[in-house]
1. Please work out which one of (1) of a type in the set (Gly, Ala, Ser); (2) within 17 Å of ASP71 (Cα to Cα); (3) in a loop (DSSP other than H, G, I, E, B) is the condition ALA228 fails and give its number.
2. At least 3 residues that are touching a residue at least 12 places away in the same chain (Cβ under 8 Å) and either more than 25 Å from SER234 (Cα to Cα) or among the small types (Gly, Ala, Ser) (or both) in each: list the strands (runs of 3 or more DSSP E) lying fully within segment 64-178 that qualify.
3. If you go through segment 244-271, how many residues are buried (at least 17 other Cβ atoms within 10 Å of the Cβ) and not in a helix (DSSP H, G or I)?
4. For segment 201-214, indicate whether the set of residues that are free of Cβ contacts under 8 Å to residues at least 40 places away in the same chain, part of a loop (DSSP other than H, G, I, E, B) and hydroxyl-bearing (Ser, Thr, Tyr) is non-empty.
5. Counting only residues that are more than 23 Å from TYR68 (Cβ to Cβ) and out of contact with any strand residue (DSSP E or B) (no Cβ under 9 Å at 6 or more places or on another chain), which one in segment 173-205 is most open to solvent (accessible area, probe 1.4 Å)?
6. If you go through segment 167-189 one residue at a time, do you hit one that is among the charged types (D, E, K, R), under 16 Å from VAL101 (Cβ atoms) and under 11 Å from the mean Cα position of the chain (by Cα)?
7. Taking segment 93-149 as the region of interest, how many residues are aliphatic (A, V, I, L, M) and over 30 Å from GLU242 (Cβ atoms)?
8. Looking at (1) at pLDDT below 95; (2) within 22 Å of LEU91 (Cβ to Cβ); (3) open to solvent by 60 Å² or more (accessible area, probe 1.4 Å), which is the only condition LYS209 fails?
Amino acid sequence: MKKIFSATFFILSAVIYCGCANKTEKVDNRGVNETTSVQTETETASSGITPAESIAPDFSASSVPSPYIKDYAGVMNDQTVTACSQVICELNSSRMINAAVVTVSSLGGTDPYDYAAQRYAEIFGTDKSSGLLFLINNDTNEDILYKTGTVTIDPEEEKNALFLATRDIVAGDYSSAAVRMLRLGENCTSHIFDQAGLFSAEQIAELEKAAAHYGSEMSICTVQNIEASDSAESLCKKRYPEKNGIMMLVSSDGKTTVWSESAIPDELRSAAPKSPVTNSSGLYEFLLDLLTAKGGA
């Protein structure tokens with residue numbers, strides 16, 4: 001049911017605490033730095049949660065297929081799915097994060113957060129990339145922004161976005177709500193992807209600044225094991241579909257590899273296949289020196 005919103009500050013403030021037409025804002029703060037770990041398929045199976053398909057059959061109102069949008073509540077039209085898919089594609093390339101939207105009219109008694117976590121695991125499977133999922137929950141009206149890996153969003157910005165998204169949903173504007181929440185992913189870094197969790201937030205910020213000012217367009221992705229991770233080539237093509245960037249992989253044991261379809265600067269080429277240090281502090285200093293030697297950041 002749509003509800004007419006007053007423009008007065010009093011009503012807006014009341015909505016924040018009381019909810020809009022029974023919608024409840026829910027900021028994900030269950031983990032360190034406002035993130036949480038992905039449930040693996042094994043964890044999901046052992047949790048006793050009923051698969052989504054048996055809880056809410058796919059009654060999508062849209063005819064546009066998308067593996068990253070599950071409209072079990074049947075509230076998203078073609079335009080909405082297309083708009084969300086575009087943002088999801090942009091985030092996957094520019095921020096190298098997974099993103100998805102799920103709508104549901106019945107949780108089958110499952111906690112909304114747990115439901116969002118399981119839907120994320122089902123959609124992305126064994127993909128260990130960082131990511132987010134926006135759950136539009138028309139069952140208990142507690143919408144969730146689920147985050148995993150290195151996705152970190154300012155809590156106040158997330159709260160404000162969720163308030164506005166809730167207002168959009170109550171007005172029936174699911175497109176604006178979903179796109180608004182997905183675009184929070186744009187707060188993530190665009191050059192430094194610390195998938196191995198080697199660096200502090202402050203270190204990532206400094207490396208991001210240095211990489212952004214580096215003389216060539218480049219990104220660095222940390223992994224636990226280079227041999228077991230996606231190749232530098234595949235990650236480079238994911239990050240730079242226009243074929244104009246450089247990707248360096250750095251593992252926790254100090255190994256590095258670099259790939260590009262364009263010319264690779266000598267200082268990057270000579271850094272492979274192994275950096276001179278193996279601890280996170282040393283790796284940070286090594287990478288910062290490597291980036292600032294040419295970029296002068």
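The values are calculated or read from the model by the stated rules, or taken from the named source; none is laboratory data. Every value quoted in this text rests on a predicted model; they were computed, and no experiment measured them. Glycine gets a Cβ as well: all are built from the backbone with ideal geometry, and neighbour counts include every protein chain shown. Just so you know, the surface numbers come from the protein's heavy atoms only, side chains and all, with ligands and any DNA or RNA stripped out. Shrake-Rupley method; radii C 1.70, N 1.55, O 1.52, S 1.80 Å.
1. With respect to (1) of a type in the set (Gly, Ala, Ser); (2) within 17 Å of ASP71 (Cα to Cα); (3) in a loop (DSSP other than H, G, I, E, B), ALA228 is out only on (2).
2. Numbers: elements: 69-71, 98-104, 131-137, 144-148.
Where strands (runs of 3 or more DSSP E) fall fully within segment 64-178 and carry at least 3 residues being touching a residue at least 12 places away in the same chain (Cβ under 8 Å) and either more than 25 Å from SER234 (Cα to Cα) or among the small types (Gly, Ala, Ser) (or both), they are 98-104, 131-137, 144-148.
3. Quick first cut of segment 244-271, residues buried (at least 17 other Cβ atoms within 10 Å of the Cβ) only: 245-252, 255-260, 264-265, 268, 271.
Filter once more, keeping what is not in a helix (DSSP H, G or I): 245-252, 255-260, 264-265, 271.
Within segment 244-271, residues that are buried (at least 17 other Cβ atoms within 10 Å of the Cβ) and not in a helix (DSSP H, G or I) number 17.
4. no
5. In this case the residue turns out to be GLU202.
6. Yes: one or more hits.
7. Of the residues in segment 93-149, 9 are aliphatic (A, V, I, L, M) and over 30 Å from GLU242 (Cβ atoms).
8. In the conditions (1) at pLDDT below 95; (2) within 22 Å of LEU91 (Cβ to Cβ); (3) open to solvent by 60 Å² or more (accessible area, probe 1.4 Å), LYS209 misses (1) alone.
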